[in-house]
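> Submitted below is the structure of interest, expressed as structure tokens.
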């Protein structure tokens, strides 16, 4: 007889990258990129090399547009890791919908870390047999290490909770 409660949640984390840049910050960086381009383009027009000014202005506009696009895309992505009695569920979200979902049997799951001596925790994986699922890519190394420890503690609590309820 299994003592599993499908509604019991041992661990639930939603990981979203920090806001990459605010609108004001984007405007300041855009102005910082465009102002020298405008000044230099004016100089190039004065020197009668106007085609260079078109390319320089175009590059500056493309750089600002790429920065805006990357900041917007990062703000729309997140990851959810949930440990219940029956499964470890890892969902990747983009624009409010699930784009990838992994369902792992938590009985055999192990948390593994890739640690660099100089930079700290570089990667966190959940391993079941030969299958590895990477987690917490949006976190900094200290946050990633804390996340890995919290998930490992939750997996241990789940295992000991089942052992106590079976006895």
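The values are calculated or read from the model by the stated rules, or taken from the named source; none is laboratory data. Computed from a predicted structure; not experimentally measured. For neighbour counting, all protein chains shown are included, and Cβ atoms are generated from backbone atoms with ideal geometry for every residue, glycine included.
> Which one of the conditions (1) surrounded by 15 or more Cβ atoms within 10 Å (Cβ to Cβ); (2) part of a strand (DSSP E or B); (3) more than 18 Å from the chain's Cα centre (by Cα) does residue 158 fail to meet, given that it meets all the rest?
Every condition holds for residue 158 apart from (2).
> If you don't mind, there's one more thing I want to ask. Residues in region 21-32 that are loosely packed, with under 15 Cβ neighbours inside 10 Å and either in contact (Cβ under 8 Å) with a residue 12 or more places away in the chain or part of a loop (DSSP other than H, G, I, E, B) (or both): how many? Write out each step before concluding.
Restricting attention to region 21-32, the residues satisfying the condition of being loosely packed, with under 15 Cβ neighbours inside 10 Å are 22-25, 27-28, 31-32.
Still in the running and either in contact (Cβ under 8 Å) with a residue 12 or more places away in the chain or part of a loop (DSSP other than H, G, I, E, B) (or both): 22.
Counting residues in region 21-32 that are loosely packed, with under 15 Cβ neighbours inside 10 Å and either in contact (Cβ under 8 Å) with a residue 12 or more places away in the chain or part of a loop (DSSP other than H, G, I, E, B) (or both) gives 1.
> Residue 122 - would you say it is modelled with pLDDT of 90 or more, part of a strand (DSSP E or B), in contact with a helix residue (DSSP H, G or I) (Cβ under 9 Å, 6 or more places away or on another chain) and in the same structural domain as residue 149 (by TED's automatic domain parsing)?
yes
> Same structure, new question: Determine which member of the set 67, 83 is surrounded by 15 or more Cβ atoms within 10 Å (Cβ to Cβ), assigned to a helix (DSSP H, G or I) and under 22 Å from the mean Cα position of the chain (by Cα).
One residue alone meets the criteria, 67.
> Would you be able to tell me the number of residues in region 1-25 that are under 19 Å from residue 68 (Cα atoms) and modelled with pLDDT of 85 or more?
Count: 3.
> Return the only residue of 100, 163, 148 being assigned to a helix (DSSP H, G or I), out of contact with any helix residue (DSSP H, G or I) (no Cβ under 9 Å at 6 or more places or on another chain) and modelled with pLDDT under 90.
Details: 100 fails: assigned to a helix (DSSP H, G or I); 148 fails: modelled with pLDDT under 90.
Result: 163 is the single residue among 100, 163, 148 that is assigned to a helix (DSSP H, G or I), out of contact with any helix residue (DSSP H, G or I) (no Cβ under 9 Å at 6 or more places or on another chain) and modelled with pLDDT under 90.
> Residue 136 passes all but one of (1) on the phi < 0 side of the Ramachandran plot; (2) surrounded by 15 or more Cβ atoms within 10 Å (Cβ to Cβ); which number fails?
Answer for residue 136: the failing condition is (1).
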